[in-house]
Amino acid sequence: MDLKQEILRLKKEKNAVILTHCYQDVEIDDVSDYVGDSLYLSRVAAKTDAKIIVFAGVYFMAQSAKLLSPNKKVLLPNINSGCLMSDMIDVDNLRQFKSKHPNTPVVCYVNSTAEVKAECDICCTSSNAIEIVKSLNAKQVLFVPDTYLGKWVETKLPDIEVITFNGFCPTHLRIRTTDIEEARREYPEALILAHPECHTEISKLADFVGSTKEIMDFAVKSDKKQFVIATELGVVQRLNRDSKLNNWGKEFILINQNITCPNMKQNTLEDIYNVLLNETNEITIPEEVRKKAVSSIEKMLKVGN
Ligand code: 13P
Ligand code: SF4
């Protein structure tokens with residue numbers, strides 16, 4: 001059986017779309033309708049009129065699609081594909097954190113569960129975190145769960161104090177300052193592009209810091225030819241593929257060969273085929289949680305739309 005052909009056939013038969021995060025295995029792109037970062041995919045999920053959304057990403061991403069499209073069937077290819085950062089905060093931790101800083105607005109990175117989103121004022125992704133924090137017009141803002149993204153935002157908005165929860169991404173924290181030093185020695189002509197989930201020291205040393213999409217856009221527009229990428233392997237693979245296809249003559253190097261997100265990589269073509277065929281691994285969210293959580297995502301989508 002040709003798995004890719006079968007997926008394409010089932011997609012048509014069932015009026016389904018496949019949304020794929022750019023940290024997924026690159027071969028999943030061959031069956032996907034949309035590939036991108038979490039903000040882009042949330043916008044697509046809110047607008048699609050397909051009956052089924054297969055979300056090739058991690059659990060919170062599929063949950064966000066369900067929040068925005070409650071009448072659609074949202075399927076996660078591998079139900080164990082969670083985000084370690086999003087699991088670092090639950091409602092109890094969040095309430096404790098909020099109780100220490102009463103009357104302070106709470107910004108919630110989209111890498112969080114629906115229950116956590118339901119207790120926050122507004123969501124953000126790494127693409128729009130600065131814009132969202134700024135939009136609150138507050139002197140002090142609470143930011144959960146990623147301490148490094150929150151602290152990076154603070155450096156960009158010096159008049160605002162960003163008080164962060166102590167969550168982090170284990171994959172991005174594997175990038176060390178010694179990796180940057182080595183990359184500078186080995187590729188002196190290259191620009192180093194980093195994700196804001198990296199440690200603050202890495203963001204300080206990089207030439208550019210941005211979300212996955214911002215990194216990709218920057219690399220495409222730049223007139224430089226070589227780039228060291230300080231985020232997940234999938235971004236590097238897609239950039240090298242596109243450079244070859246479009247004759248950009250650009251080279252993209254992963255900062256350290258260990259920078260893969262094991263959870264993102266759990267979804268396989270076979271899992272996608274199985275969930276499409278059997279309509280299993282459906283995401284469900286209790287309606288009272290959904291109503292509160294969706295408002296924080298909708299508020300986010302309105303800012304800068
Ligand atoms: P983006 O918002 O850049 O897609 O990143 C999501 C993510 O999980 C990064 O680790
Ligand atoms: Fe979560 Fe980190 Fe994986 Fe992104 S890379 S999904 S933040 S564990």
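Looking for whichever is away from ligand 2 (no atom under 16 Å from the Cβ) and not aromatic (Phe, Trp, Tyr) here; the options are Ile18, Ile28. Which one fits?
Working: Ile28 fails: away from ligand 2 (no atom under 16 Å from the Cβ).
None of the others qualify; the one that does is Ile18.
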> Out of all the residues in region 89-122, which are within 16 Å of ligand 2 (Cβ to nearest atom), of a type in the set (Val, Ile, Thr) and in contact with a Ser or Thr (Cβ under 7 Å, 6 or more places away or on another chain)?
Replying inline: Ile89, Val110, Thr113
> Of the residues Thr104, Thr125, which is farther than 24 Å from Asn274 by Cβ, surrounded by fewer than 24 Cβ atoms within 10 Å (Cβ to Cβ) and within 12 Å of ligand 1 (Cβ to nearest atom)?
Replying inline: Thr125
> Can you tell me which residue in region 167-198 is nearest to ligand 2 (Cβ to nearest atom), limited to those that are in contact with a Ser or Thr (Cβ under 8 Å, 6 or more places away or on another chain) and within 19 Å of Pro262 (Cβ to Cβ)?
Replying inline: Thr171
> Do the conditions hold for Lys291, that is, is it modelled with pLDDT of 95 or more, out of contact with any Ser or Thr (no Cβ under 8 Å at 6 or more places or on another chain) and among the basic types (Lys, Arg)?
Replying inline: no
> Just to be sure, is Cys120 closer than 27 Å to Glu288 by Cβ, in a loop (DSSP other than H, G, I, E, B) and either touching a residue at least 12 places away in the same chain (Cβ under 8 Å) or within 16 Å of ligand 1 (Cβ to nearest atom) (or both)?
Replying inline: yes
>> Restricting to region 162-221, count the residues that are touching a residue at least 12 places away in the same chain (Cβ under 8 Å), out of contact with any Pro (no Cβ under 6 Å at 6 or more places or on another chain) and not in a helix (DSSP H, G or I).
In response: 27
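Can you name every residue in region 65-88 that is farther than 21 Å from Asp25 by Cβ, buried (at least 24 other Cβ atoms within 10 Å of the Cβ) and either within 15 Å of ligand 2 (Cβ to nearest atom) or of a type in the set (A, V, I, L, M) (or both)? Before the answer, list the steps.
Restricting attention to region 65-88, the residues satisfying the condition of being farther than 21 Å from Asp25 by Cβ are 66-73, 87-88.
Now restrict to residues that are buried (at least 24 other Cβ atoms within 10 Å of the Cβ): 66-67.
Answer for region 65-88, where residues must be farther than 21 Å from Asp25 by Cβ, buried (at least 24 other Cβ atoms within 10 Å of the Cβ) and either within 15 Å of ligand 2 (Cβ to nearest atom) or of a type in the set (A, V, I, L, M) (or both): just Leu67.
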> Which one of the conditions (1) among the hydrophobic types (A, V, I, L, M, F, W, C); (2) away from ligand 1 (no atom under 16 Å from the Cβ); (3) crowded, with 19+ Cβ neighbours inside 10 Å does Cys261 fail to meet, given that it meets all the rest?
Replying inline: (2)
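Does at least one position in region 213-224 carry a residue that is within 16 Å of ligand 2 (Cβ to nearest atom) and surrounded by fewer than 20 Cβ atoms within 10 Å (Cβ to Cβ)?
First, the residues of region 213-224 that are within 16 Å of ligand 2 (Cβ to nearest atom): 213-216.
Subsequent filtering for residues that are surrounded by fewer than 20 Cβ atoms within 10 Å (Cβ to Cβ) retains 213-214.
Scanning region 213-224 turns up at least one residue that is within 16 Å of ligand 2 (Cβ to nearest atom) and surrounded by fewer than 20 Cβ atoms within 10 Å (Cβ to Cβ).
Can you tell me which residues in region 203-229 are in contact with an Asp or Glu (Cβ under 6 Å, 6 or more places away or on another chain) and over 20 Å from Asp179 (Cα atoms)? So that I can check it myself, show each step before the final result.
So in region 203-229, the residues in contact with an Asp or Glu (Cβ under 6 Å, 6 or more places away or on another chain) come out as 211-213, 226.
Within region 203-229, just Lys213 meets the criteria.
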> Across region 265-291, which residue is surrounded by the fewest Cβ atoms within 10 Å (Cβ to Cβ) among those that are in contact with a strand residue (DSSP E or B) (Cβ under 7 Å, 6 or more places away or on another chain) and closer than 17 Å to Val31 by Cβ?
Replying inline: Glu279
> Could you list, in sequence order, the residues of region 13-54 that are under 21 Å from Leu3 (Cβ atoms) and without any contact (Cβ under 8 Å) to a residue 60 or more places away in the chain?
Replying inline: Glu13, Asn15, Val17, Leu19, Thr20, Asp30, Ser32, Asp33, Tyr34, Ala50, Ile53
> Which one of these is out of contact with any Ser or Thr (no Cβ under 7 Å at 6 or more places or on another chain), without any contact (Cβ under 8 Å) to a residue 60 or more places away in the chain and either over 20 Å from Gly234 (Cα atoms) or more than 14 Å from ligand 1 (Cβ to nearest atom) (or both): Glu154, Glu131?
Replying inline: Glu154
> Do any residues in region 257-273 that are hydroxyl-bearing (Ser, Thr, Tyr) have Cβ atoms under 6 Å from those of residues that are surrounded by 18 or more Cβ atoms within 10 Å (Cβ to Cβ) and part of a helix (DSSP H, G or I), where the two are at least six apart or on different chains, and which pairs are they?
Replying inline: Thr260/Leu233; Tyr273/Ile7
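Which one is nearest to ligand 2 (Cβ to nearest atom), of the residues in region 123-150 that are assigned to a strand (DSSP E or B) and under 15 Å from the mean Cα position of the chain (by Cα)? Give the steps one after another, and end with the answer.
Within region 123-150, the subset assigned to a strand (DSSP E or B) is 123-124, 140-144, 146.
Within this subset, residues satisfying the condition of being under 15 Å from the mean Cα position of the chain (by Cα) are 123-124, 144, 146.
Details: Cys123: 15, Cys124: 14, Val144: 13, Asp146: 7 Å.
Result: Asp146.
The values are calculated or read from the model by the stated rules, or taken from the named source; none is laboratory data. Note that the structure is predicted; figures quoted are calculated from it, not measured. Neighbour counts run over all protein chains shown; Cβ positions are idealised from the backbone, glycine included.
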